[in-house]
Ligand SMILES: [Ca+2]
Ligand SMILES: [Ca+2]
Ligand SMILES: [Ca+2]
Ligand SMILES: [Ca+2]
């Protein structure tokens with residue numbers, strides 16, 4: 001992935017906005033105002049609609065003041081300080097000529113106060129604004145057979161009766177731009193009601209991981225002129241930088257022996273877009289584990305051009321026995337954080353050699369162990385289930401054949417003196433504490 005500097009610009013823009021707000025009389029939230037809150041965020045996984053992306057779910061809530069009232073009718077709602085153009089679940093409406101969110105819920109998407117359909121109760125809570133025929137609108141449920149309903153999604157966070165009734169029309173599905181999401185003339189413009197309770201829920205799917213974003217609600221306040229109220233919540237602001245990783249440089253097989261007492265070398269390749277010296281080495285983790293700690297307290301890392309492209313690479317050594325590699329694993333992921341807050345992500349495949357008896361060799365003894373268990377289930381790696389799928393079968397035999405004769409380096413961890421020479425580029429520069 002090409003690295004961009006967009007996030008830095010967004011942060012600067014966010015600062016400018018905050019300064020401008022202060023000058024424009026933006027004030028902090030007080031009970032009785034309408035606020036925006038992130039009620040859920042997570043990284044999506046297998047089975048979700050966008051695996052690997054981050055999901056953020058927000059509620060817009062009219063709060064209750066000490067006198068039991070909500071004093072503000074909500075006009076505009078903003079979620080700012082992140083790159084809205086990278087939101088995945090957005091679409092462009094030809095008919096209305098805007099780019100908007102596809103997944104949001106309120107009273108009329110859930111229980112159905114609608115100026116064109118009249119009031120109708122719904123038992124499900126669809127999310128997609130279907131504009132296939134200009135001027136014909138309907139909220140629809142997910143339907144795999146209907147490509148136009150691809151964005152449909154049932155509200156998993158609230159039921160319809162949780163939303164405040166009599167909410168006037170939310171004119172837009174959340175306009176998306178480079179500074180986030182905007183709801184203009186969001187509600188209240190037609191009936192001037194002071195609404196307390198849950199007004200709106202919306203979902204954002206985005207490649208960036210959680211950080212602080214700013215929300216604003218532009219309200220008419222009963223005590224005077226409209227106020228712009230602001231606060232902070234969680235949103236997609238942390239840039240993800242994909243890195244190219246090579247476990248065991250020089251080897252394509254990346255064979256690892258679970259019983260190895262040695263070190264696992266890993267190269268993170270630098271690129272035109274990524275200066276690896278910007279990595280906060282304290283945050284560098286492979287399979288969730290930090291590099292080997294040298295006797296002097298520094299990490300066992302060095303900066304050198306491993307692949308000869310004249311760009312600096314990062315060579316990191318991990319202790320095999322610390323890495324927690326388990327039978328069945330087929331890759332190891334590396335994570336880290338750059339000095340500017342962006343997150344590194346990379347992964348490379350590994351092949352766990354079928355050394356069932358742990359003598360650091362794959363030979364006839366391991367074959368004999370497998371033969372003894374052949375065809376049985378649930379015996380474990382030590383008894384011949386090389387791929388840890390619960391069965392000792394032909395697949396395991398093929399794995400054994402592929403690695404037959406493999407010998408892990410028998411040498412233990414090199415002497416400290418040797419390591420000092422190997423890691424000379426980094427020692428002293430990167431004396432850091434181990435992460436708790
Ligand atoms: Ca390799
Ligand atoms: Ca290089
Ligand atoms: Ca063996
Ligand atoms: Ca197996």
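The values are calculated or read from the model by the stated rules, or taken from the named source; none is laboratory data. This one's a predicted model, so the numbers in the text were calculated from it and none came from an experiment. Here the Cβ is made from the backbone with ideal geometry for all residues, glycine too, and neighbour counts use every protein chain on show.
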Is it the case, given these coordinates, that residue 354 is within 16 Å of ligand 3 (Cβ to nearest atom) and surrounded by fewer than 18 Cβ atoms within 10 Å (Cβ to Cβ)? no
Pick out, from the stretch 150-212, the strands (runs of 3 or more DSSP E) lying fully within it that include 2 or more residues that are modelled with pLDDT under 90. 197-206
Could we say that residue 342 is surrounded by 18 or more Cβ atoms within 10 Å (Cβ to Cβ), under 30 Å from residue 280 (Cα atoms) and away from ligand 2 (no atom under 16 Å from the Cβ) here? yes
Has the stretch 368-386 got at least one residue that is loosely packed, with under 15 Cβ neighbours inside 10 Å, touching a residue at least 40 places away in the same chain (Cβ under 8 Å) and more than 11 Å from ligand 3 (Cβ to nearest atom)? yes
Scanning the stretch 245-280 for residues that are without any contact (Cβ under 8 Å) to a residue 40 or more places away in the chain and not in a helix (DSSP H, G or I), the one surrounded by the most Cβ atoms within 10 Å (Cβ to Cβ) turns out to be 248
Name the residues in the stretch 63-86 that are over 20 Å from residue 101 (Cβ atoms) and either in a strand (DSSP E or B) or at pLDDT below 85 (or both), would you? 64, 65, 66, 67, 68, 69, 70, 71, 72, 73
Considering only the stretch 364-401, how many residues are part of a loop (DSSP other than H, G, I, E, B) and either closer than 18 Å to residue 326 by Cα or within 16 Å of ligand 2 (Cβ to nearest atom) (or both)? 11
Output the residues belonging to the stretch 324-356 that are out of contact with any strand residue (DSSP E or B) (no Cβ under 7 Å at 6 or more places or on another chain) and within 28 Å of residue 274 (Cα to Cα). 340
Does residue 249 count as more than 29 Å from residue 42 (Cα to Cα) and within 16 Å of ligand 1 (Cβ to nearest atom)? yes
Give the residues of the stretch 342-365 that are away from ligand 1 (no atom under 16 Å from the Cβ), in contact with a helix residue (DSSP H, G or I) (Cβ under 9 Å, 6 or more places away or on another chain) and more than 30 Å from residue 207 (Cβ to Cβ), sorted by residue number. 354, 355, 356, 357, 358, 359, 362
Quick check: is even one residue across the stretch 279-293 within 16 Å of ligand 1 (Cβ to nearest atom) and outside the structural domain of residue 373 (by TED's automatic domain parsing)? yes
Checking residue 412 against (1) at pLDDT below 95; (2) in a strand (DSSP E or B); (3) under 18 Å from residue 259 (Cα atoms), the condition it does not meet: (2)
